[in-house]
Structures are given as C-alpha cells and as structure tokens.
Amino acid sequence: MKSYKRRQTIGLIGILALLAVIISLPCWAPATSPPPFPFSRGDAGIIVKITVSPRRSGIYCLPKGANRQDLLRAAGYGKLDVSAIPTTTLEQKLHSGESILVEISKKDGRALVVQSTSMDNAECLALGLPIDINMASLEDLILLQGIGEKTAQAIIEYRQKKGSLQKIEELREIQGIGAKRLAILHKQVFVGKRLS
C-alpha cells in the first residue's frame, strides 16, 4: 500500500510540474490566421509536442488543420533547411497528442528526418487529452481520476482475459466501475482512434 501511495504521489507531482510548464507555454497561430489568441482547446485547437534533436522540445497549441511545417514555424524553426524532407511529409496534418521528432544534421544544420509518435500518456492526461485505454500501462491507469491500483490492475487483467476493449462501456464489467466513474472516464480515455 505504501508503494502505491508513493507512486501516486510521485505521479501527481510529475503531472503538476508538467502542467506548470505547459501553462507557461504560449499558444500560436500561423501567419495566415487572424491575429493571435487567446486560444483554448474549446476553440477546436490541437496540442502537439515537438522535439528538435539535439536542441530542445516544447508543447504547442495550434489551430485545427495545422501541419508539420506550421509546427516548425511555431517552434522557431521556420527558416530551417527542410530540403531533405519530402513536401508531403511536411504537409501532413497534425493531431492532438502527436509528438514530432525532427533530427538535425550536425554537419550542415539541415533537417534530416521528421518522425511522428504519440505523446507520453502522462503528458496527455496533464494536458487534458484522453489516452488509449487499450495501450495504457498500470502506471498510466492509476493516473486516471477515480482509478486506484486495484481497479487499474483489474482493467489490465480484463484486457489480458478478453482482449482489447471495443467500447469504453465495457469497463462497466469491471468491479468498482459504475455509471459515475464511467462518465468521468469517458473524458479521459478512448478506444480506437483519438479524435482531434
């Protein structure tokens, strides 16, 4: 029980620290949009992370429909030489919870690779983004509101026994998850593809 409380406390401290950093980040809109913000998730924006190796990383609010080139501009890399990257790669639309890695050549400073992955589940939860219930680890599940170690373990066991959930409502089959808790979880988890 002490181990659970300690992990939960460490997780909460990590989330609060991440929130403090995120709250201090500015939101951005491309030059073609009307002048800046205030901008909020309620305005149908997206939240994405960029890591430019080896220099820095950041999390940005962008308008819905923004692409990878827009993210590079928002992160201060609008003049980066991207000639080695196909235009179709740079024009791909971004989705909330996406994490973009840009590798820069140490030799000539050109961008060599742009890869897409998902943000860490703890980052997503701290930003108010839902996580994939079928991919969440025990530690991720414990970070969900109203889910303790026991219920998180029950979710893991349910997935191992029955396979991936097809609908969030299947969580009702797990002891300790009633209608109230399910209503809360609907905002924190998804099944299938993230909507942004």
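The values are calculated or read from the model by the stated rules, or taken from the named source; none is laboratory data. For clarity, every value in this text was computed on a predicted model and none was experimentally measured. We place every Cβ from the backbone using ideal geometry, glycine too, and count neighbours over all the protein chains shown.
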How many residues of the stretch 146-196 are polar (S, T, N, Q) and in contact with a helix residue (DSSP H, G or I) (Cβ under 8 Å, 6 or more places away or on another chain)? The answer is 4
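Let's see how each residue does on (1) assigned by TED's automatic domain parsing to the domain that holds L101; (2) surrounded by fewer than 15 Cβ atoms within 10 Å (Cβ to Cβ); (3) of a type in the set (S, T, N, Q); (4) out of contact with any strand residue (DSSP E or B) (no Cβ under 9 Å at 6 or more places or on another chain):
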| position | (1), (2), (3), (4) |
| --- | --- |
| S137 | no, yes, yes, yes |
| K150 | no, yes, no, yes |
| R159 | no, no, no, yes |
| G163 | no, yes, no, yes |
| I168 | no, no, no, no |
| L171 | no, no, no, no |
| I177 | no, no, no, yes |
| L182 | no, no, no, yes |
If S57 passes every condition in (1) outside any loop (DSSP other than H, G, I, E, B); (2) surrounded by 13 or more Cβ atoms within 10 Å (Cβ to Cβ); (3) at pLDDT 90 or above but one, which one does it miss? (3)
Those residues of the stretch 100-120 that are part of a strand (DSSP E or B) and of a type outside the set (A, V, I, L, M, F, W, C) come to a total of 5
